[in-house]
1. For region 91-132, which positions are polar (S, T, N, Q), in a strand (DSSP E or B) and more than 30 Å from V147 (Cα to Cα)?
2. Identify, please: which residue in region 89-112 is in contact (Cβ under 8 Å) with a residue 40 or more places away in the chain and among the β-branched types (V, I, T) and is, among those, surrounded by the fewest Cβ atoms within 10 Å (Cβ to Cβ)?
3. Filter region 179-192 down to the residues that are open to solvent by 90 Å² or more (accessible area, probe 1.4 Å) and among the hydrophobic types (A, V, I, L, M, F, W, C) and list them by number.
4. Among the listed residues T116, T94, T141, identify the single one that is in contact with a strand residue (DSSP E or B) (Cβ under 7 Å, 6 or more places away or on another chain), farther than 17 Å from A66 by Cα and polar (S, T, N, Q).
5. Given (1) over 13 Å from T190 (Cα atoms); (2) surrounded by 15 or more Cβ atoms within 10 Å (Cβ to Cβ), identify the lone condition not met by Q134.
6. May I ask you to verify whether I176 is touching a residue at least 12 places away in the same chain (Cβ under 8 Å), surrounded by fewer than 17 Cβ atoms within 10 Å (Cβ to Cβ), assigned to a strand (DSSP E or B) and out of contact with any Cys (no Cβ under 7 Å at 6 or more places or on another chain)?
7. Determine whether T155 is without any contact (Cβ under 8 Å) to a residue 40 or more places away in the chain, part of a strand (DSSP E or B) and open to solvent by 70 Å² or more (accessible area, probe 1.4 Å).
8. I'm trying to understand the selection: among the residues of region 21-76, which are outside any strand (DSSP E or B), more than 24 Å from F103 (Cα to Cα) and open to solvent by less than 50 Å² (accessible area, probe 1.4 Å)?
Amino acid sequence: IYTITPSANGCPGPTFNVTATVKPVPVMTNPAPTLSQQICSGDALNFVPASTIGGAAYSWTSIITAPISGPSVTASGTGSITDAPVNTGSMSGTVTYRITPSFNGCNGLPVDLVVTVKPEPSATASSITICSGQAAIINITPALKNVPGTTFAWTAAGSANVTGWANGNGSTISQILSTTNQFAGTVTYTIVPTANACDGP
């Protein structure tokens with residue numbers, strides 16, 4: 001509050017007050033490590049902005065680099081960020097969310113949340129038919145896209161009259177399978193591709 005007194009020729013005039021209202025500016029308080037995240041393609045974010053003022057509001061815009069696309073990435077929004085970015089390529093991409101806090105008409109400095117979206121690996125293999133005592137050789141290869149560093153692991157489940165199957169990993173299943181009676185049996189291999197700590201279907 002400024003109290004102002006005018007004067008002229010040594011004579012003061014009536015004083016009056018002028019008020020300058022200073023509104024607080026929110027400052028983002030999310031720890032730095034939480035502002036740089038890595039997720040697998042299709043995983044949902046759950047980023048809750050925080051600042052020095054509890055009642056602050058948050059708005060954000062996003063900058064997307066290929067190969068991130070799809071309706072799961074929002075161009076702009078308010079409040080928490082719950083996008084589930086999908087990576088359609090074989091290399092990692094990023095989404096940068098620029099978040100601006102505001103309170104009572106005053107904006108704080110924007111802060112960037114940088115999310116690296118790792119691609120989802122894939123696998124394909126063909127079913128085979130063998131005679132009892134033969135080796136079941138099944139080659140596993142990437143399906144839709146070849147994500148560098150993809151590895152494969154499998155779990156096996158055989159019918160009661162088949163022996164020789166086991167869980168394992170690698171790009172080739174090679175197991176000698178035998179039946180214990182006159183009936184045909186089956187072994188089902190469930191294959192999971194993994195790359196950069198992300199499992200594919």
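1. Here is the first cut: in region 91-132, the ones polar (S, T, N, Q) are 92, 94, 96, 100, 102, 104, 107, 116, 122, 124, 126-127, 129, 132.
Within this subset, residues satisfying the condition of being in a strand (DSSP E or B) are 94, 96, 100, 102, 107, 116, 124.
Of everything in region 91-132, those that are polar (S, T, N, Q), in a strand (DSSP E or B) and more than 30 Å from V147 (Cα to Cα) turn out to be T100, S102, N107.
2. Checked region 89-112; the qualifying residue surrounded by the fewest Cβ atoms within 10 Å (Cβ to Cβ) is T100.
3. Answer for region 179-192, where residues must be open to solvent by 90 Å² or more (accessible area, probe 1.4 Å) and among the hydrophobic types (A, V, I, L, M, F, W, C): F183, A184.
4. Values: T116 fails: farther than 17 Å from A66 by Cα; T94 fails: farther than 17 Å from A66 by Cα.
The match here is T141.
5. If we test Q134 against (1) over 13 Å from T190 (Cα atoms); (2) surrounded by 15 or more Cβ atoms within 10 Å (Cβ to Cβ), just (2) comes out false.
6. Values: touching a residue at least 12 places away in the same chain (Cβ under 8 Å): yes; surrounded by fewer than 17 Cβ atoms within 10 Å (Cβ to Cβ): yes; assigned to a strand (DSSP E or B): yes; out of contact with any Cys (no Cβ under 7 Å at 6 or more places or on another chain): yes.
Yes, satisfied.
7. Numbers: without any contact (Cβ under 8 Å) to a residue 40 or more places away in the chain: yes; part of a strand (DSSP E or B): yes; open to solvent by 70 Å² or more (accessible area, probe 1.4 Å): yes.
Against the criterion (without any contact (Cβ under 8 Å) to a residue 40 or more places away in the chain, part of a strand (DSSP E or B) and open to solvent by 70 Å² or more (accessible area, probe 1.4 Å)), T155 qualifies.
8. Filtering region 21-76 for residues outside any strand (DSSP E or B) gives 21-27, 29-35, 41-46, 48-50, 52-56, 65-67, 70-75.
Still in the running and more than 24 Å from F103 (Cα to Cα): 33, 41-45, 65-67, 70-73.
Selection gives S41, G42, L45, P67, G70, S72, V73.
The values are calculated or read from the model by the stated rules, or taken from the named source; none is laboratory data. If you're wondering where the values come from, they're calculated on a predicted model, not measured in any experiment. Ideal geometry is used to build each Cβ from the backbone, glycine not excepted, and the neighbour counts take in all protein chains shown. SASA here: full protein model, heavy atoms, side chains in, ligands and nucleic acids out. Shrake-Rupley method; radii C 1.70, N 1.55, O 1.52, S 1.80 Å.
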